[in-house]
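Below: the structure, in structure tokens.
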Amino acid sequence: MPPKNAGRFPRSARLLRHADFERVYRDGRRHFSASMTVFYLPRATGTRTGKPAGHAQGLRVGFTVGRALGGAVERNRMKRRLREAVRMSLPVSGVAADVVINPKKSLLKIDFQEVLAEIRRAVGVVEKKLSQSSPGIAEGKANAGTQERKADL
């Protein structure tokens, strides 16, 4: 018999606090796909160790599914599909970042394999963009990303 929580989405890989969601929306960057929008922001590193301050290395993922996307049953189904796709797609290690995924209504109509492929593409894009980003952002100077985004407007 497998361990009780072998297939779970670990708490260390989840984005849980409202303040963290708000910070990702406010200071982060976006990636658009056919059935979701992915917001991402690198986490600040600690001063002595170079590791993320108070968090495990790697991506922490959160989901927001608004009421406009349907009733509770549909919203919960979207979250379950996304959670499973992320659990199957998350790399073991990588860049330290917080990610928020906002699905679109079309997520319910597409096959799970397509959801899985979109999540894998999005995770790849996030890791590629953050590994290419300037050292200032990786060290926690997230305001540089905000200024860059404001300049594009």
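Rule-based calculations on the coordinates, nothing more; no lab input. All figures in this text were calculated on a predicted structure; none of them were measured in a lab. Every residue, glycine among them, receives a Cβ derived from its backbone with ideal geometry; neighbour counts consider all protein chains shown.
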Next item on the list: For S12 and A68, calculate 0.36 nm times their separation in residues minus their Cα-Cα distance, and state this gained length in nm to one decimal.
Entry: 17.2 nm
Next item on the list: Run the dipole for region 11-134 about the Cα centre, Lys and Arg Cβ at +1, Asp and Glu Cβ at -1, nothing else charged, and hand back the magnitude in debye, nearest 20.
Entry: 220
